[in-house]
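The values are calculated or read from the model by the stated rules, or taken from the named source; none is laboratory data. Bear in mind the structure is a predicted one, so any value in this text is a computation, not a measurement. Here the Cβ is made from the backbone with ideal geometry for all residues, glycine too, and neighbour counts use every protein chain on show. Heavy atoms of the whole protein, side chains included, go into the accessibility calculation; ligands, DNA and RNA do not. Shrake-Rupley method; radii C 1.70, N 1.55, O 1.52, S 1.80 Å.
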Amino acid sequence: KDIMPYDLYTEENVSQRWVDLNECLREVNKAKLDEKIYLNNCEKWDCIANEKIDILKYAGEYCYLDCVTLQKGYEKFQLMTLQALNLDINDYVSLASMSNDYLVIEGCYDDVLKIAGVPRAFIQKCVVGGRVMTAENKKYHIRDRLSDFDGVSLFPSAMNRMTGFLKGKPKIIKDFQPEKYDGYFVCIRIKKINKRYKFPLGSYKKDGVREFTNDLEGHIIYLDKTSLEDLIKYQKIEYEFINGYYYDEGHNNKINSVIKHIFTQRLKYKKEGNPIQMVFKECMNSSYGKSFMKPIDTDSKYLKVGAEFNDYMDRNYNYIKEAILLANDKYYKVTRIQPINEHYNNVHIGVEILSMSKRIMNEVMCLAEDLDISMYYTDTDSIHIQADKIDLLASEFHKIHHRALIGDQMGQFHTDFDMKDEEGNNRNKKGSEIVSVESYFLGKKCYLDKLESIDKDNNTINDFHIRSKGVSTDCIIHKAENSDSFDDVMDIYDYLYEGGSIKFNLLAVRPKFEMCKNMKVITRQEFFRTLRFDYPQAQ
């Protein structure tokens with residue numbers, strides 16, 4: 001791809017096409033692009049004359065190169081996928097579909113039945129994604145050395161560790177005897193939680209948002225065998241069984257060897273610096289997502305204006321959700337409601353993979369809490385934890401589970417902070433530790449770490465690890481650099497920590513294109529998002 005000064009393309013400039021050279025260069029410099037490259041492009045593409053630039057011709061050449069880049073990337077990925085998996089990406093619409101098909105071809109789903117109807121809908125309620133929260137759902141400002149402790153390939157690790165995929169059909173539980181089943185999916189009422197954690201294992205949805213909490217007494221929740229066993233083991237819950245389904249026809253354990261093979265291949269090619277490792281990585285991380293795909297309750301068709309559209313509407317008017325005339329005035333996009341009673345999936349497999357991934361995290365995090373090791377934030381497969389207590393945690397973990405906690409193999413953990421320059425190269429000395437020396441944790445997906453390490457000249461270097469869902473890192477940095485109220489990003493997070501609200505302009509650093517329902521693409525003229533966190537501050 002090449003460079004493009006997007007803000008130059010106003011309605012006025014586009015309408016006049018030829019724009020003064022100095023105005024173009026102002027926008028190039030404003031966007032922090034390379035002026036020399038821009039001028040070379042203008043000369044090469046014959047876009048410059050009489051101290052003016054044909055911005056439409058420049059845009060056309062830029063878009064053409066975009067298409068060439070996309071084509072070459074697509075063809076390269078297709079070739080690598082054929083080499084790695086013997087699958088053609090042209091046969092699939094998504095990575096999840098392709099990865100799922102790979103598992104099917106390898107025999108992982110032999111004797112594993114897809115389910116539909118009421119059993120599917122019931123087990124779908126047991127789907128619980130990764131645990132994302134601050135400790136006790138509070139805000140923290142920490143001046144301590146923290147590490148980002150990450151699980152290695154968490155979901156592949158879960159597939160490697162589980163007994164296998166449940167075979168056969170689900171059966172209704174009449175007399176709940178959990179020890180007799182290979183797997184089960186149940187609805188229970190929590191009567192009592194006898195042990196509380198800062199990072200609880202149980203959760204429920206509050207206003208559509210999943211909340212992990214100790215305050216579950218009286219709540220009805222849906223969960224599988226692994227999740228219930230962990231709640232009993234770690235939080236000593238007492239519960240009342242309501243209803244559920246069980247499996248007792250054994251497991252297909254082919255997934256264990258298949259996922260281990262993919263992981264090993266990925267590790268091998270990654271060490272060689274071979275980009276084909278990304279194919280194996282994507283296959284590992286996408287393979288389980290298809291299993292609990294929700295029902296698709298609509299179908300869209302594109303129909304010509306006139307007889308074709310009118311005939312379709314006459315035959316399907318009871319099932320039409322909406323019909324939108326496209327921007328070209330030649331076609332309608334018609335969305336039709338379709339039944340979901342024939343939707344089949346392997347949701348029971350997906351639920352067990354998610355639960356086993358959380359068990360891998362629970363073993364580490366519950367032990368850390370029992371050892372009084374401070375943790376402040378978790379995001380599915382990672383933990384912000386006291387850096388100087390990791391060795392203690394690893395030692396105690398080995399005593400209990402008789403395996404190494406730290407490493408680069410499945411089921412293990414490693415520290416994952418990095419400090420890279422604009423070219424993607426490491427800034428710190430090889431082997432030197434990177435820790436956070438000051439952190440703000442404001443809520444889900446919103447935190448800041450001030451990183452510290454040593455460079456090759458033995459100088460102390462710092463950097464920021466910035467996360468804020470809904471507001472890009474570039475926007476936050478732009479706010480810090482262009483606001484009289486804040487000196488740097490630390491000031492922004494401190495203000496939010498103290499309960500303030502900040503309005504961010506999401507168009508400050510790049511344009512936002514929006515696809516309308518009629519297929520017209522427009523540039524948003526304004527796009528603001530306000531952040532405020534009302535979680536209580538930790539004492």
For this session: Would you please name the residue that is farthest from the chain's Cα centre (by Cα), looking only at residues in segment 126-136 that are modelled with pLDDT of 95 or more and open to solvent by 10 Å² or more (accessible area, probe 1.4 Å)?
Result: 136
For this session: Filter segment 403-433 down to residues that are open to solvent by 20 Å² or more (accessible area, probe 1.4 Å) and among the hydrophobic types (A, V, I, L, M, F, W, C) and give me whichever is farthest from residue 160 (Cα to Cα).
Result: 417
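Matching residues to (1) more than 23 Å from residue 4 (Cβ to Cβ); (2) touching a residue at least 40 places away in the same chain (Cβ under 8 Å):
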| residue | (1), (2) |
| --- | --- |
| 66 | no, yes |
| 75 | yes, no |
| 86 | yes, no |
| 91 | yes, no |
| 96 | yes, yes |
| 100 | yes, yes |
| 104 | yes, no |
| 109 | yes, yes |
| 112 | yes, yes |
Exercise. Does segment 218-233 contain at least one residue that is modelled with pLDDT of 95 or more, aliphatic (A, V, I, L, M) and in contact with a Pro (Cβ under 6 Å, 6 or more places away or on another chain)?
Worked result: no
For this session: State all residues of segment 75-125 that are of a type in the set (Lys, Arg) and open to solvent by 30 Å² or more (accessible area, probe 1.4 Å); if no residue qualifies, say none.
Result: 76, 114, 125
Exercise. In this structure, is residue 174 open to solvent by 40 Å² or more (accessible area, probe 1.4 Å) and out of contact with any Asp or Glu (no Cβ under 9 Å at 6 or more places or on another chain)?
Worked result: yes
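Of all residues in segment 387-417 being outside any loop (DSSP other than H, G, I, E, B) and touching a Lys or Arg at 6+ places or on another chain (Cβ under 7 Å), which is nearest to residue 446 (Cα to Cα)?
Applying the filter and picking the extreme gives 387.
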Problem set entry | Residue tally, condition in a loop (DSSP other than H, G, I, E, B), open to solvent by 50 Å² or more (accessible area, probe 1.4 Å) and either more than 30 Å from residue 180 (Cβ to Cβ) or among the polar types (S, T, N, Q) (or both), over segment 199-234 | 3
Exercise. How many of the residues in segment 302-312 are among the aliphatic types (A, V, I, L, M), closer than 21 Å to residue 519 by Cα and over 39 Å from the mean Cα position of the chain (by Cα)?
Worked result: 1
Exercise. Tell me, which residue of segment 317-335 that is modelled with pLDDT under 95 and among the polar types (S, T, N, Q) is least open to solvent (accessible area, probe 1.4 Å)?
Worked result: 328
Exercise. Looking at 139, 167, which is the one that is buried (at least 18 other Cβ atoms within 10 Å of the Cβ), under 29 Å from residue 534 (Cβ atoms) and touching a residue at least 40 places away in the same chain (Cβ under 8 Å)?
Worked result: 139
Exercise. Do we have residue 302 as at pLDDT 95 or above, more than 30 Å from residue 168 (Cβ to Cβ) and part of a strand (DSSP E or B) here?
Worked result: yes
Seminar exercise, completed: Inside segment 3-31, the number of residues satisfying the requirement of being surrounded by 15 or more Cβ atoms within 10 Å (Cβ to Cβ), under 38 Å from the mean Cα position of the chain (by Cα), not aliphatic (A, V, I, L, M) and not in a helix (DSSP H, G or I) is 2
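Could you please let me know if residue 338 is within 23 Å of the chain's Cα centre (by Cα) and either open to solvent by less than 80 Å² (accessible area, probe 1.4 Å) or at negative phi (or both)? First the steps, then the outcome.
Numbers: within 23 Å of the chain's Cα centre (by Cα): no; either open to solvent by less than 80 Å² (accessible area, probe 1.4 Å) or at negative phi (or both): yes.
No; evaluated as a whole, the condition is false for this residue.
Can you work out which of the residues in segment 443-457 that are over 19 Å from the mean Cα position of the chain (by Cα) and open to solvent by less than 40 Å² (accessible area, probe 1.4 Å) is nearest to residue 209 (Cα to Cα)?
Looking only at segment 443-457, we keep the residues that are over 19 Å from the mean Cα position of the chain (by Cα), and these are 449-457.
If we keep only those that are open to solvent by less than 40 Å² (accessible area, probe 1.4 Å) as well, we get 449, 451, 453, 455.
On the way: 449: 25, 451: 31, 453: 37, 455: 42 Å.
Once the filter is applied, the top-ranked residue is 449.
Please enumerate the residues belonging to segment 388-402 that are open to solvent by 50 Å² or more (accessible area, probe 1.4 Å) and either in contact (Cβ under 8 Å) with a residue 60 or more places away in the chain or polar (S, T, N, Q) (or both).
In the first step, residues of segment 388-402 are kept if they are open to solvent by 50 Å² or more (accessible area, probe 1.4 Å); the result is 388-389, 391-392, 395, 398-400, 402.
Selection gives 388, 395.
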